Amino acid sequence: MLRKPGICQKPVITLYEMPAYAACGMAVGAEPTGVPENGGVADEILFGWQYEVLEENNAFYKIRTHYGYEGWIAAEEYVPMESVGGAGVCYDAQNSGCAMQLFLVCQNIADVLEAERVQARRITTLYAGSLIWAEKDSALGDSSAAARLLQPGWRRVFLPDGMGGLRKGYMRSRFLEPCQGQERWRKWAPQRPTVLTERIDAVSQSEPKEQEDADALRSEEAFRESIVQTAYSYLGTQYRWGGKTACGIDCSGLAFMSYFRNGILIWRDAAIKEGYPVHEIPIEQTKPGDLLFFPGHVAIYLGNGKIIHATGHPESSCVTVNSLREGEVGYREDLKNSLCAAGSIF
């Protein structure tokens, strides 16, 4: 079977359910018959995310993302991994002359500029969760003169030019956080428990007495809070079927990105899927950061009966906070009555 590794080199690429729907997305007036209401949109992949080509169909490629999701893109959007040149290594003397490190974009919308000043021309705009190579600073062991001369608060980043080289740009340092690479997420996919959950499971049956056990419990609390805060960062974002960015996001996209940006790879759809770290738990045991499932819908639990979710409901149609408790502000009786499962990685 065909296996061609590729990488997303646009801010975002839409995945479609079928080649005909991809054609509809690429050309005006190319609507095939029988297009569903959602336009056949399946998902979005972001800058720096890897995938593999599974099948070619004329001008369209069926791909599988690094997190296991499949869909179709236009062949012209395919960028082979070998074309990114030195972006796959941590040192590239020919193109950059400096040590590099993989970073995760942690700002919902972040510009890459031609120079380290706000007045500089914009090269592109990336979204939270994108992966990009950037120059290490002196604190990380880079003693190059170029790094020392960089304006405070800025970091030099590198964009593959598609010809085996790297194009230089600049981003605000606070818009980036170090990333260990995409293997960081893959290790969560094959099986559960993980290193973290093994530590939590080991101490969950009794009062923690050792410092290591206490640290494990604090790690769980900190992780849950981080999931909640990441979800809150999308508050007010419009609902977009298949979306994963601050320009538009859907329910499972919000759940996926909230976990992805915290180093955990969960299934992209509103379901608990075998082989991914989320497993079903009793609904009454749900804690903040866990997931609540409804028919065709998923939300992140906040505690005290409240949820945050991306909803197409006519009264909001955005990422919003609702309650499952009657009489409270934002109460959604339809969701309370249709709640069918809860999921957690712990």
Legend entry - region 287-346, subset without any contact (Cβ under 8 Å) to a residue 40 or more places away in the chain, on the phi > 0 side of the Ramachandran plot and in contact with a strand residue (DSSP E or B) (Cβ under 6 Å, 6 or more places away or on another chain), residue least open to solvent (accessible area, probe 1.4 Å): 305
Legend entry - Within region 227-276, considering residues that are of a type in the set (S, T, N, Q) and modelled with pLDDT of 95 or more, the one farthest from residue 12 (Cα to Cα): 229
Legend entry - Enumeration of residues in region 268-302 that are of a type in the set (Phe, Trp, Tyr) and under 11 Å from the mean Cα position of the chain (by Cα): none
Inset, instruction - Please verify whether region 257-271 includes one or more residues that are farther than 23 Å from residue 104 by Cα, open to solvent by 40 Å² or more (accessible area, probe 1.4 Å) and not aliphatic (A, V, I, L, M). - result: no
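Yes or no, residue by residue, for (1) touching a Pro at 6+ places or on another chain (Cβ under 7 Å); (2) farther than 15 Å from residue 255 by Cβ:
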| position | (1), (2) |
| --- | --- |
| 275 | yes, yes |
| 283 | no, yes |
| 306 | no, yes |
| 311 | no, no |
| 314 | no, yes |
| 319 | no, no |
Inset, instruction - Among the residues of region 234-246, write down those that are of a type in the set (Ser, Thr, Tyr) and either over 16 Å from residue 299 (Cβ atoms) or assigned to a loop (DSSP other than H, G, I, E, B) (or both). - result: 234, 237, 245
Inset, instruction - Within region 66-96, track down each residue that is at pLDDT 65 or above and not in a loop (DSSP other than H, G, I, E, B). - result: 70, 71, 72, 73, 74, 75, 76, 77, 80, 81, 82
Inset, instruction - Might you check whether a residue that is under 23 Å from residue 69 (Cα atoms), in a helix (DSSP H, G or I) and of a type in the set (A, V, I, L, M, F, W, C) occurs anywhere in region 222-233? - result: yes
Inset, instruction - Could you grab me the full set of residues in region 304-325 that are at pLDDT below 95 and over 18 Å from residue 245 (Cβ atoms)? - result: 313, 314, 315, 316
Legend entry - Neighbours by Cβ (under 6 Å, 6+ apart or cross-chain): first from region 68-79, touching a residue at least 24 places away in the same chain (Cβ under 8 Å); second open to solvent by less than 20 Å² (accessible area, probe 1.4 Å) and assigned to a loop (DSSP other than H, G, I, E, B): 69/268
Inset, instruction - Kindly provide the set of residues from region 218-242 that are surrounded by fewer than 19 Cβ atoms within 10 Å (Cβ to Cβ) and among the aliphatic types (A, V, I, L, M), ordered by number. - result: 222, 228, 235
Inset, instruction - Hey, could you check region 274-286 for residues that are surrounded by 14 or more Cβ atoms within 10 Å (Cβ to Cβ) and in contact (Cβ under 8 Å) with a residue 60 or more places away in the chain and say which is farthest from residue 69 (Cα to Cα)? - result: 281
Inset, instruction - Mind listing just one residue for me: the one in region 56-82 that is of a type in the set (Gly, Ala, Ser) and open to solvent by less than 20 Å² (accessible area, probe 1.4 Å) and, of those, farthest from residue 277 (Cα to Cα)? - result: 74
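The values are calculated or read from the model by the stated rules, or taken from the named source; none is laboratory data. Please read these numbers as outputs of a predicted model, since none were measured by experiment. We place every Cβ from the backbone using ideal geometry, glycine too, and count neighbours over all the protein chains shown. With ligands, DNA and RNA removed, areas are computed over all heavy atoms of the protein, side chains included. Shrake-Rupley method; radii C 1.70, N 1.55, O 1.52, S 1.80 Å.
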